[in-house]
Amino acid sequence: MFVDQLNTLVQPAGKLSRFGLGRLMFLVSDALATLPVATPGSPLSLGDHFHMRELAGDEVDEMISGLMGMEDAATLARQLAPQLSDLTAALAANNLPNTVASRFGSVRLIDFLRASVVLAVNVAIDTGGTVQPGARAESVRALAGVLAERFPGRSIELRVPPYVAVQVSASMDAPTHTRGTPPNVVEVDPDTFLALATGRQSWTRAVAARTLTHSGSHAAEAARIFPVFRPD
C-alpha cells in the first residue's frame, strides 16, 4: 500500500509541487537505502521511531532540499518515476530483513513501512491528493497503536470506526476498567483522527465540528494524548 499511495500522488503528472515531489523523493530514497540493511540491534517501538523522525526533522528538510536542487517539478517527477519502479521491485524481494538499520535507528521493517505510509498519507492530505483506502486504514491503525503504547490503560476506549478501537489511560488517577467496554468512550471519524494525531486539528475544534464525540466523566481527558506525531 506504500507504493500504491505514492503512485496515486504522482498521477496525473504535474499535480504535485516541487516540495511535494521532494518529500516523496526522500521517502522513496530513504526506503531504498533502508530495506536491505539488516541489523541485530534491538528495534525501537513504532512510537519511538516516530519520535526519532520528529527529532530529525531539520536534517530531513535539508535532505529534501538537496534532492530537489534547482530542478523544476516536471524534472523531479521524471526522476522519481524509475525510483518508484525500483522500490516496487525491492519490496517484492523475499529475503527482506525483519529488523532494519534506518537513519532514525533500528526498527522492525513492518514499523518502518507503517511510518512511511503515514508520511505518504500526510503528503496526500497536505497537497489535496487522494488518500488510498488501504493507506488510510493502515495510518489510523498505526497511530492508534502508538497511543495505546504510550498511554497504556483501560479507562478510555478510543474508537475510529471502521478501522480500530484501542483502550488507553490519559491520567494516572483515572479509574481502571477491568471487564468489557470502559465507561469513558471517545469516537472519531478516520480523517478527523488523522488530523488530531498529526497536529492539524485541535480537540476543541473537532468537538465543535461534531466529528468527535465523547461520553463518560474522564473521556475528555483523552485530549491531552494528542498529537501522536508531527510529521513537519
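Laboratory data are not the source of any read-out in this text; all were calculated from the coordinates shown. In this text the structure is predicted, and so the values were computed from the model without any measurement. Don't worry about glycine lacking a Cβ; one is built from the backbone with ideal geometry, like all the others, and counts go over all protein chains shown.
Would you work out the charge dipole size for segment 111-232 about its Cα centre, treating the Cβ of every Lys and Arg as +1 and the Cβ of every Asp and Glu as -1, and quote it to the nearest 20 debye?
Approximately 100 debye in magnitude.
Length gain on complete extension for the stretch ASN94 to ILE110, per 0.36 nm per residue less the alpha carbon to alpha carbon distance?
4.4 nm
Using 0.36 nm per residue, how much length does the chain from VAL37 to TYR163 gain when fully extended, once their Cα-Cα distance is taken away?
Between VAL37 and TYR163, full extension yields 42.2 nm more.
Given the options LEU44, LEU96, LEU32, identify the residue whose Cα lies farthest towards the positive end of the charge dipole of segment 2-131 (+1 on Cβ of Lys, Arg; -1 on Cβ of Asp, Glu).
LEU96
Between LEU84 and ASP58, with labels modelled 7 Å along Cα→Cβ, what's the label distance in nm to one decimal, could you check?
3.3 nm
Order of 31-41, 152-162 by packing, highest average Cβ count within 10 Å first?
152-162, 31-41
Report the Stokes-Einstein translational diffusion coefficient (µm² s⁻¹, integer) for the chain, Rh taken as the Kirkwood radius over Cα pairs, at 25 °C with viscosity 0.890 mPa s.
131 µm²/s
Along the charge dipole of the chain, pointing to its positive end and built from +1/-1 on Cβ of Lys, Arg, Asp and Glu, which listed residue (ALA81, ALA223, GLY20) has its Cα farthest out?
ALA223
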